[in-house]
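A short worksheet on the structure shown next.
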Amino acid sequence: MTLCGHDARRCSVAREQYLASVRRAGGEPVALGPEGTRPHFDFDALCLTGGGDIDPHRYQEANSGSTDIDPARDDLESALLIRALELDVPVLGICRGAQLLNVHFGGTLHQHREGHSPKYPPLGLSLADDPAGADAVQHRVTPVADSLLARACGSGEMLVNSSHHQVITADRLASPLRATAWVDDVVEGVESPAHSWVIGVQWHPERVAQVGERATRIFEAFVRAAERVPAR
C-alpha cells in the first residue's frame, strides 16, 4: 500500500484510515512511501492511495492547475504499478490512485474541476455532515452492471464522497480502461478488462464516516481477490 509521506496531521490520519480499512477486511497491509529504501517488488496486491496531484508532464501536458506534486511518489507508484500488472495481482486505486491508473494506461487528466471539494464551490453537491467530513463533499454513484465494481459493492445507487479537483472525463479516459461509475461527465470508477482485478475509484472508501456501508466493501473485495493470487 502506497501512502503519502507528508507529516501533516491530515496525512497521518489518512494513513491510519487506509491501513485500518485493509486490516478490517482481513488483509495485512505493508506501508510504502517514496522515502527510504527501494521496496521489494513481489506482493499479493497493490493499493494506490490518495494524495497530491500527478505531474502533468507524465501525460505530456503543461501544468494548468496541478498542485502538491511529488515526483518521487510518482516514480515509486508507477514502478509498483508496472510490476503489479506484470504479475496480474489485484490493484485498487483510490482517488489519486484511480487517476494514476488512467495516466498509466495512456489517459490524461482535467487538471482543475470545481465542485468536487469544499475548497471550491460545490455546484450542487452537499458538504459531508460529520465533523471529519470537512474536507469532502457527498454524492451518489451507480456502478455499471456486471462490472467488477458492482460485484464488489453491489448494484444500485450508493453514497460516496469526493475530495479532489482533478478529474477523468470521457475524452480523457484511457482507451484500455472501462468506465464503471459516473457523476455527470466525470468518470468516478474505472477498471482494466485485460487484467484479473484492477479497479480505480475516485472517492475515498477508507473514510467510513463519509460513505455508505456498500462503498467500504471495496476493501473486502480487494482482500478476497488478493487471497486468490497463486503462491509464487
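The values are calculated or read from the model by the stated rules, or taken from the named source; none is laboratory data. All figures in this text were calculated on a predicted structure; none of them were measured in a lab. Neighbour counts are summed over all protein chains in view; Cβ atoms, including those assigned to glycine, are modelled from backbone coordinates with ideal geometry.
I need the full set of residues from segment 57-74 which are outside any helix (DSSP H, G or I), under 18 Å from the mean Cα position of the chain (by Cα) and acidic (D, E), in order please.
D68, D70
Within segment 207-229, can you find the residues that are closer than 15 Å to V141 by Cβ and in a helix (DSSP H, G or I)?
Matches in segment 207-229: E213, R214, A215, T216, R217, I218.
Which residue is farthest from L101 (Cα to Cα), if the candidates are limited to segment 204-223 and must be hydrophobic (A, V, I, L, M, F, W, C) and modelled with pLDDT under 95?
A209
Mind checking which pairs have a first residue in segment 73-92 that is in contact (Cβ under 8 Å) with a residue 40 or more places away in the chain and crowded, with 20+ Cβ neighbours inside 10 Å and a second that is assigned to a helix (DSSP H, G or I) and not polar (S, T, N, Q), Cβ under 6 Å, 6 or more apart or different chains?
E77/L100; P90/F222; P90/A225; P90/A226; V91/A84; L92/F222
Mind telling me which of the residues V190, V144, V160 ends up being over 16 Å from L109 (Cβ atoms), in contact with a helix residue (DSSP H, G or I) (Cβ under 8 Å, 6 or more places away or on another chain), hydrophobic (A, V, I, L, M, F, W, C) and assigned to a strand (DSSP E or B)?
Selected residue: V160, the only one of V190, V144, V160 that is over 16 Å from L109 (Cβ atoms), in contact with a helix residue (DSSP H, G or I) (Cβ under 8 Å, 6 or more places away or on another chain), hydrophobic (A, V, I, L, M, F, W, C) and assigned to a strand (DSSP E or B).
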